Each structure stands twice: as structure tokens, then as C-alpha cells.
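Q: Once you've had a glance at the structure underneath, I'll fire off some questions.
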Amino acid sequence: MTTFRMSSAACLLSLLLGSGAAWADCGIERGSVRILSNDFDALGTVLREARSCASETVRVAINMTTEHKSLQVPALTVNPAQYTVALVSNNTIMPLLNADLVRPLDEYVEKYGQDLAPNQLIRVDGKVMAIAFMGNSQHLFMRGDVLEQAGIEPPTSYEEILAAAKKLRDDGIMRYPLAAANQGGWYLANEFVNTYLGMDGQFFEPGSAEPAINNEAGLETLRVMKEMTEYMAPEYLTFTADELKKMYLGGDVAIINQWGSMVNGHVDPDGPAPEIGEATILAAAPTVGDKGIPAAALWWDGFTIARNISDEDAEASFRAMVHGARPDVANENPAAATWLTKDFNPPASAQGVMATANGGARPYPMSPYMGLMHAALGSELTDFMQGKESAEQALADTEAAYRTAAREAGFLN
């Protein structure tokens, strides 16, 4: 079984096509830079800067797509790889590491990484395998005006959220004051992961790939998730993060646990609902139970460089990405992300992510088999959320599905 010794990647938050002579700013003389990326605004900020490295001798091509997770392994497996850069996060890097599709970056860091902060260097078995440039987490977005109307103090725990939702309904202010990204599949699994981390739950037996979620913390996690749905619209299993944004800005909900990387779209004074943005309270992710741990995983986003490419393209790609994520970009776009670059001073829009990190939230697990666990959760929890089976059965089914996948992958005998 393959094991990786991870740096505290997420020490992360506890510290918390161009033209002309643009290439001169990047120092790249030649090469092909081909980038595969997720699609959201903060990443676009970095990639626009990386694109400015293009010149007559430097080609920069970018594919931003929400399908990036399914594309990255096959695209980097071919030789030469279809992309020279894959933008990754805590969990999306693991399939690339497992298949040995990305190269160590220590040589490039030594030559061109003078502006990188130590917490940006994601090490695996002692080697720098990725460069993180932003931190992320889900956290509370709350309609302060609606809470004030009901005489409710901003909640800080799931227990207080449920009490607030009941009062908002009982007072006739909102029938469905809550919403969560519960769409079956990745999103639903992510909600379990968030809440289970807040319970201080462990996903695997220590030092093993054996699953360990069918326990008291797992059962309590499902109980809380199901109880929350009593104050959500009936189609709650269809909601994605983008749907949450639409509902929130439409005035349909009062409390959501939303991604910090999407904060600008919610509070933009020039956006579709400036009055809602102005009334929005940003706070740490809620705690759950008696652990006092914010129930949201800490994430980092960054980049890796493909192994199956020429050294010339690898060097050009590293330099273009470091240029795209340099400290000046963070300082010129402070509200775009919770940047991990040197000397970044987080603005008010980052306070939810920072409060979640400073409250002791745990990083999303970086283990070779966490992706298999996430997939099993996403496929096996829907029946429970629809009231078709018990929590005990849902967790048993999840562990069984995970074990099957882990055996096929060689993690379990």
C-alpha cells in the first residue's frame, strides 16, 4: 500500500493570450504553458496574470472547467501530457500523486521561488509537489437584517442555527430559512465531511486504509444533516454552491454555509442584490456538538507541474504560474481570495475563512484513499437523506462501497 507523509499542507490557514513584450515581465524566453483548472473567479484572477506571459515564443493556453477532476488523470497520463499545469486542491492532487503524474518542484522553487512563502510549499515525502496560492473554506453567510427582525443573535453552532430557523418559521418570516449544498454526489459527501470533521471524527483506522465512519460521530453527523433539511425547501438534494448563491441573493434563505472563495458574488455592492450584501454577516463555520471545532474543512488551491512534458515546458509553466500568483496579484486583488502569499493582509471579506481557520477547523484529509471515501459517501447517503433507510444502514453501505473500491485500487487486501 502506498503511503504519503504530508506536510501540514494546510498550515495553510493557520498562518494565514497576452501580446508584445509581456513575456519580459515573466522572464520566460520560450515554452508551451497548457493549464487545466477548475472554474471560479479567484482562479481566474491568477490565470489572467499567467496568460500575460504569452509572447511570440511562449504559448499559453487555459482550460477552465468544472469537469477538471475527471479530465486531469487521463490528460496527464498521455506522453506528452495534454496539459503542463494542473490546478489542484487538497483532494484533487491525490489521484495525480497516486499515478506519479506530477513532478517535484524543488529545483524550480530554488531558482524562481524567491517570492513564495514557506506555507505555500506543499511537501510530500519531503519533496515540494505543489505550490498553494490561496486558502478556502466554507463558512456562515447570514442575513443580519432578517435575524434582527426576529430578535436573533447570529448563531455560531448548528444547534443555534436550528433554533434560529425554528423561530424564523414560527414568526412567519421565512418558511425555509436554511439551505445547504446537498446535491447527491460530491456535494452531499462534502457536507458529511464538514460536519464529521466538526465532530472530530476520523475517517480511517490509524495507520490504515480501513474505514472508520460507522460510529457514534458518524451517526450524529447524519442526524444533524437530516434535521437541517426540515428547514430547507423540499428539493434540497438538488442544491449546489451556485444554487445557494442564487437562493441567498434572491432573498429566499437567511443562513447558508458557503465557500469563502465565492464571497464577492454575495456581497458585491454593484451586484444583483447590494442590499443583501450590505446586510450579510460573515462568520466562522458553525461548531457542532461539544467539540468546539468549526464544521468545515480547510482547503488550499494551488498548482502542480506535469511529469510527462519537456523540461523546457515545465520550467516555463512554473514561472508563468508563479508570476500569476505573485504577491502583487494578491495585494491588487485582496478581496478575490484568502491569499497565502507573502505579506497578505486579509480584508473584511476574508474574515469568515480566517475565523474558521483560527477556530481550529481541520484540513480536508490528504490521504491516497480519501477520494474513494468521498465517492462512496456521495453515492450511498442519498437514500438516508430521502428517508429511505436508517443512518446505520447508510454508513454500513458507505463502508462496504469504499472497501470494494479500496480493494480494487490496492489499498486493502
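The values are calculated or read from the model by the stated rules, or taken from the named source; none is laboratory data. All figures in this text were calculated on a predicted structure; none of them were measured in a lab. We place every Cβ from the backbone using ideal geometry, glycine too, and count neighbours over all the protein chains shown. SASA here: full protein model, heavy atoms, side chains in, ligands and nucleic acids out. Shrake-Rupley method; radii C 1.70, N 1.55, O 1.52, S 1.80 Å.
Q: Kindly indicate which of 140, 105, 96 is surrounded by 18 or more Cβ atoms within 10 Å (Cβ to Cβ), within 16 Å of the chain's Cα centre (by Cα) and either modelled with pLDDT of 95 or more or charged (D, E, K, R) (or both). Give the steps one after another, and end with the answer.
A: Details: 105 fails: within 16 Å of the chain's Cα centre (by Cα); 96 fails: within 16 Å of the chain's Cα centre (by Cα).
140 is the lone residue from the list that is surrounded by 18 or more Cβ atoms within 10 Å (Cβ to Cβ), within 16 Å of the chain's Cα centre (by Cα) and either modelled with pLDDT of 95 or more or charged (D, E, K, R) (or both).
Q: Any residue in the range 297-325 that is more than 25 Å from residue 354 (Cα to Cα) sitting within a Cβ distance under 6 Å of a residue that is outside any helix (DSSP H, G or I) and basic (Lys, Arg)? List the pairs, counting only those 6 or more apart or interchain.
A: These pairs meet every condition: 305/103; 307/103.
Q: Now a separate question. Spot the failing condition for residue 296; the list is (1) in contact with a Ser or Thr (Cβ under 9 Å, 6 or more places away or on another chain); (2) surrounded by fewer than 22 Cβ atoms within 10 Å (Cβ to Cβ), and only one is missed.
A: Looking at each condition in turn, residue 296 falls short on (2).
Q: To continue, here is another question. Looking only at the range 44-71, how many residues end up being open to solvent by 50 Å² or more (accessible area, probe 1.4 Å), of a type in the set (Ser, Thr, Tyr) and more than 18 Å from the chain's Cα centre (by Cα)?
A: Qualifying residue count, the range 44-71: 1.
Q: Right, next: Exactly one of these conditions fails for residue 208: (1) touching a strand residue (DSSP E or B) at 6+ places or on another chain (Cβ under 8 Å); (2) of a type outside the set (D, E, K, R); (3) farther than 30 Å from residue 340 by Cβ. Give me its number.
A: Unmet condition: (1).
Rundown of residues vs (1) open to solvent by 10 Å² or more (accessible area, probe 1.4 Å); (2) among the charged types (D, E, K, R); (3) within 25 Å of the chain's Cα centre (by Cα); (4) more than 22 Å from residue 298 (Cβ to Cβ), yes/no style:
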{"residue": "133", "(1), (2), (3), (4)": "no, no, yes, no"}
{"residue": "144", "(1), (2), (3), (4)": "yes, no, no, yes"}
{"residue": "165", "(1), (2), (3), (4)": "no, no, no, yes"}
{"residue": "171", "(1), (2), (3), (4)": "yes, yes, no, yes"}
{"residue": "195", "(1), (2), (3), (4)": "no, no, yes, no"}
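Q: Here's something else I'd like to know. Looking only at the range 218-228, which residues are more than 21 Å from the chain's Cα centre (by Cα) and open to solvent by 10 Å² or more (accessible area, probe 1.4 Å)?
A: Answer for the range 218-228, where residues must be more than 21 Å from the chain's Cα centre (by Cα) and open to solvent by 10 Å² or more (accessible area, probe 1.4 Å): 219, 220, 223, 226, 227, 228.
Q: Wholly within the range 317-413, which helices (runs of 4 or more DSSP H) include no fewer than the required count, namely at least 2 residues that are open to solvent by 40 Å² or more (accessible area, probe 1.4 Å) and under 26 Å from residue 37 (Cα atoms)?
A: Details: elements: 327-332, 351-358, 370-380, 382-385, 391-409.
Once the helices (runs of 4 or more DSSP H) in the range 317-413 are filtered for at least 2 residues that are open to solvent by 40 Å² or more (accessible area, probe 1.4 Å) and under 26 Å from residue 37 (Cα atoms), what remains is 327-332, 370-380.
Q: Name every residue in the range 291-316 that is in a helix (DSSP H, G or I) and more than 21 Å from residue 95 (Cβ to Cβ), in order of residue number. Break it down into steps so the answer makes sense when it comes.
A: First pass over the range 291-316, keeping only residues in a helix (DSSP H, G or I): 311-316.
Those that are in a helix (DSSP H, G or I) and more than 21 Å from residue 95 (Cβ to Cβ): 311, 312, 313, 315, 316.
Q: Would you pick out the residues in the range 32-43 that are part of a strand (DSSP E or B) and either touching a Ser or Thr at 6+ places or on another chain (Cβ under 6 Å) or crowded, with 20+ Cβ neighbours inside 10 Å (or both)? So that I can check it myself, show each step before the final result.
A: Residues of the range 32-43 part of a strand (DSSP E or B): 32-37.
33, 34, 35, 36, 37 - these are the residues of the range 32-43 that are part of a strand (DSSP E or B) and either touching a Ser or Thr at 6+ places or on another chain (Cβ under 6 Å) or crowded, with 20+ Cβ neighbours inside 10 Å (or both).
Q: Against the definition (of a type in the set (Asp, Glu) and more than 30 Å from residue 283 (Cβ to Cβ)), how does residue 332 come out, yes or no? Give the steps one after another, and end with the answer.
A: On the way: of a type in the set (Asp, Glu): yes; more than 30 Å from residue 283 (Cβ to Cβ): no.
The answer is no for residue 332.
Q: Could you check the range 331-388 and list, in sequence order, the residues that are touching a helix residue (DSSP H, G or I) at 6+ places or on another chain (Cβ under 6 Å) and basic (Lys, Arg)?
A: Across the range 331-388, the qualifying residues are 342, 362.
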